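J.: The structure is given below, and queries will be raised subsequently.
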Amino acid sequence: MPVTEYLERNAKLYPDETALIELNPANTVKRTWKDFDLIESNRFADSRADITWRVFDEKANRCANFLIEHGINKGDKVALIMYNCLDWLPIYFGILKTGAVAVPFNFRYTADEILYCAKLANVNVIFFGEEFIGRIEAISDKLNDVKLIFVGNNCPSFAESYHILAANCKSLSPNIKLTDDDDAAIYFSSGTTGFPKAILHNHQSLIQAAQMEQVHHLTNRDDCFLCIPPLYHTGAKFHWMGSLVAGSKAVLLKGTKPRDILSAISNEHCTIVWLLVPWAQDILDELDSGILKLQDFNLNQWRLMHIGAQPVPPSLIKRWKKYFPNHQYDTNYGLSESTGPGCVHLGLDNIHKVGAIGIPGYRWQCKIVDDNLNEVKRGEVGELAVFGPGVMTCYYNDPTATAEVLKDGWLLTGDMAKQDNDGFYYLVDRKKDVIVSGGENIYPVQIEDFLRKNDAIKDVAVIGLHDKRLGEIAAAIIELKDGFNLSADEVLNFCNDLPRYKRPRKIIFARVPRNATGKIEKPLLRKTYGADKLVALEFEEQLE
């Protein structure tokens, strides 16, 4: 069954109950695309809006009928690039209801990246919000066969107004038959391992992710999910789909400041919250400093905090449990090729295994293999492979890349992992992030986790830098907490408890860039510090 049937069910069973709430705190900044770090441009007024399940479904139906009237057929590709808002999910579900393929774009994409992804996915329509007018206009003359649909007020001349044209479209379902094998969505790899690839999923993948989320976190009718990350990302969307399956409400929060997060949980009575590591760290830092006081918020109903998208330092969860001893905790591992998080998850009853990514998720299988795809012995490091109903169909229009990662239905994740005697998997690093120094394999995440134990360090990323004698050395890019000082020598002394070969040889004090889903942007760091030329440098030395 397609996930659209859950929406239609909820509209019938709970028509007047709130489905989605949009919160826009007064101190939230509107982000722009002109600066990689997303600079501040202006401020929103404090606002709250919501829609019921019936209105949600009607909006999705109007979108579907609007697209059909514009010539969109089953299998066509429809993209959307917008910030989180009450229009995002109805448009996404409207696309699915037509039988077309939904293609969410990363809101950080430049104009050239939007053009590249639109061409790669053979996009027929692009929905875009007001923040993206400049980028879309810059490439509009190159999108000759693409319909440009503006979502907002004051439609630009090169596009059509969605709200005006869709207002009179039918609010009844178009009743297009969908099967599990029909193409449903294209997501793009995050870019942390290179230029984005188009990842094609069918409807079976989407329903698997939705049902799995509800099972993993026991989402029920009384729950309220707080969604902060961008909906274009599989993690945010499919964690929310646990609420869709349960028929419970969710909150879309525009803002990541600790006070805004705790206020949203308090005011909207949120019970399930998915945080990224930096946001959890910021909350703990402000609680430690006294800027935030738990007694100022109503948090008794908050039952579950879970984290995904990146390795979670065990020290973070130990700190968290001191403030929130009754919280359930889970961490979810996944990638866009596996329909987002959950193919491996820790599980609500396994907090004693913090540090592990967990065990195979609902309906998933896992194994660790060597370069010849042979399963390694338990305890040895190898590449994590996963198998289940959420594995992608393919990299769209890229059979070579598809063949490299899909082996007899198993997806090679590109992540190095190991399994302990209890069957729990531990992430070691990205396969391509392994640093080979003097013949020794060094896994950056191990050094990063160690350095985060230092009270002065807010964030850290470890990359390999070229070294004539050793080939590569480990370099630590360290971002300090406000008000703290730390010298390179002090960092090196702190690392004396690490095995000598794992100690970073170079310390760089700088901001650690992360993308919108919290992943360290290693390619950017490699380019910044010249590590993107490692192979070329080694080749040149072989010629000397």
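The values are calculated or read from the model by the stated rules, or taken from the named source; none is laboratory data. Nothing here was measured: the structure is a model prediction, and the numbers come from that model. Here the Cβ is made from the backbone with ideal geometry for all residues, glycine too, and neighbour counts use every protein chain on show. Just the protein is used for accessible areas: all its heavy atoms, side chains included, with ligands, DNA and RNA removed. Shrake-Rupley method; radii C 1.70, N 1.55, O 1.52, S 1.80 Å.
J.: Scan the range 142-227 for trypsin sites (Lys or Arg not before Pro) in coil per DSSP, keeping those whose Cβ has at most 16 other Cβ atoms within 10 Å, and list them by number. Please report the intermediate quantities before stating the final value.
T.: Working: sites: Lys142, Lys147, Lys170, Lys177, Lys197, Arg221; in loops: Lys170, Lys177, Lys197, Arg221.
Of the trypsin sites (Lys or Arg not before Pro), the ones in loops of the range 142-227 whose Cβ has at most 16 other Cβ atoms within 10 Å are Lys170, Lys177, Arg221.
J.: Helix-only estimate, please: 222 nm mean residue ellipticity of the chain, summing -39500 (n - 2.57) across DSSP H runs of length 4 or more and dividing by its residues, to the nearest 500.
T.: Details: 16 runs with 161 residues, N = 544.
Value at 222 nm, helices only, nearest 500: -8500 deg cm²/dmol.
J.: Can you give me the P(r) profile for the range 219-292? Cα pairs, bins 5 angstrom wide beginning at 0, each as a whole percent.
T.: It works out to 3, 17, 25, 24, 17, 8, 4, 1, in whole percents.
J.: Could you list the chymotrypsin sites (Phe, Trp or Tyr not before Pro) in the range 412-516 that lie in coil according to DSSP, counting only those with at most 11 other Cβ atoms within 10 Å of their Cβ? Don't skip to the answer; put the middle values down first.
T.: Working: sites: Phe424, Tyr425, Tyr426, Phe450, Phe484, Phe494, Tyr501, Phe509; in loops: Phe424, Phe484.
Listed in order of number, the matching sites are Phe484.
J.: Got a number for the accessible area of Glu404? Probe 1.4 Å, square angstrom, nearest 10.
T.: 120
J.: Suppose we keep just the DSSP beta bridges with both residues in the chain; what percent of those would be antiparallel, to 5?
T.: On the way: 54 of 94 bridges.
Rounded to the nearest five, the antiparallel share is 55 percent.
J.: Expressed as an acute angle from 0 to 90° and rounded to the nearest 10, what is the orientation of the C-alpha long axis of helix 314-323 relative to the principal long axis of the chain?
T.: So the helix axis and the longest Cα principal axis differ by about 60 degrees.
J.: If the cut-off is a Cα-Cα distance under 14 Å, which aspartates and glutamates reach Lys481, setting aside same-chain residues fewer than 8 apart in sequence?
T.: Lys481 reaches Asp282, Asp285, Glu286, Asp288, Asp455, Asp459.
J.: Calculate the length of the line joining the C-alpha centroid of the range 345-390 to that of the range 120-179, in whole Å.
T.: With the range 345-390 and the range 120-179 each reduced to a Cα centre, they are spaced 41 Å.
J.: Which sequence of Cys85, Cys63 reflects their accessible areas, 1.4 Å probe, from the largest down? If you can, show how the numbers build up before the last one.
T.: Values: Cys85 25, Cys63 0 Å².
Reading off the accessible areas and sorting them downward yields Cys85, Cys63.
J.: Once the dipole of the chain is set up with Lys and Arg at +1 and Asp and Glu at -1 on Cβ about the Cα centre, which of Leu67, Ala474, Trp302 lies farthest towards its positive end?
T.: Of the listed residues, the answer is Trp302.
J.: Which entries of Lys377/Lys519; Lys418/Lys519; Lys353/Lys458; Lys97/Lys147 have Cα-Cα distances beyond 27 Å here?
T.: Working: Lys377/Lys519 29 Å; Lys418/Lys519 21 Å; Lys353/Lys458 24 Å; Lys97/Lys147 19 Å.
The pairs that break the limit, which is 27 Å between Cα atoms, are Lys377/Lys519.
J.: Is there a quick way to get the dipole size of the range 58-201? I mean about its Cα centre, with the Cβ of Lys and Arg at +1 and of Asp and Glu at -1; what is the value in debye to the nearest 20? Walk me through the intermediate numbers first.
T.: On the way: 13 positive and 16 negative charges, 30 e Å.
Around 140 debye, computed over the range 58-201.
J.: Moving on. Cα-Cα over 20 Å: which of Lys77/Lys254; Lys293/Lys321; Lys431/Lys522? Walk me through the intermediate numbers first.
T.: Working: Lys77/Lys254 28 Å; Lys293/Lys321 16 Å; Lys431/Lys522 13 Å.
Where the Cα-Cα span goes over 20 Å, the pairs concerned are Lys77/Lys254.
J.: In the range 400-544, what is the volume of the convex hull around the alpha carbon atoms, normalised per residue and reported in Å³? Before the final figure, lay out each step's value.
T.: Numbers: hull volume 24.6 nm³, N = 145.
Dividing the Cα hull volume of the range 400-544 by its residues yields 170 Å³.
J.: Now, a different point. Obtain the radius of gyration and the Kirkwood radius of the chain from its C-alpha atoms and give Rg over Rh. Don't jump to the answer; show the numbers that get you there.
T.: Working: Rg = 23.3 Å, Rh = 24.3 Å.
Reported Rg/Rh, Kirkwood definition of Rh: 0.96.
J.: Then there is this: Mean 1/r over all different Cα pairs, inverted: what Kirkwood radius does the range 340-434 give, in Å? Walk me through the numbers before you get to the answer.
T.: Details: mean 1/r = 0.0723 Å⁻¹.
Kirkwood radius, the range 340-434: 13.8 Å.
J.: Under a 1.4 angstrom probe, counting protein chains only, how are Asp141, Asp420 ranked by accessible area, largest first? Before the final figure, lay out each step's value.
T.: Values: Asp141 105, Asp420 35 Å².
In descending accessible area the options line up as Asp141, Asp420.
J.: I need the Debye-formula profile for the range 132-257: one equal scatterer per C-alpha, no solvent, reported as log10 I(q)/I(0) at q = 0.20 1/Å, two decimals.
T.: After summing over all Cα pairs, the log10 values are -1.32.
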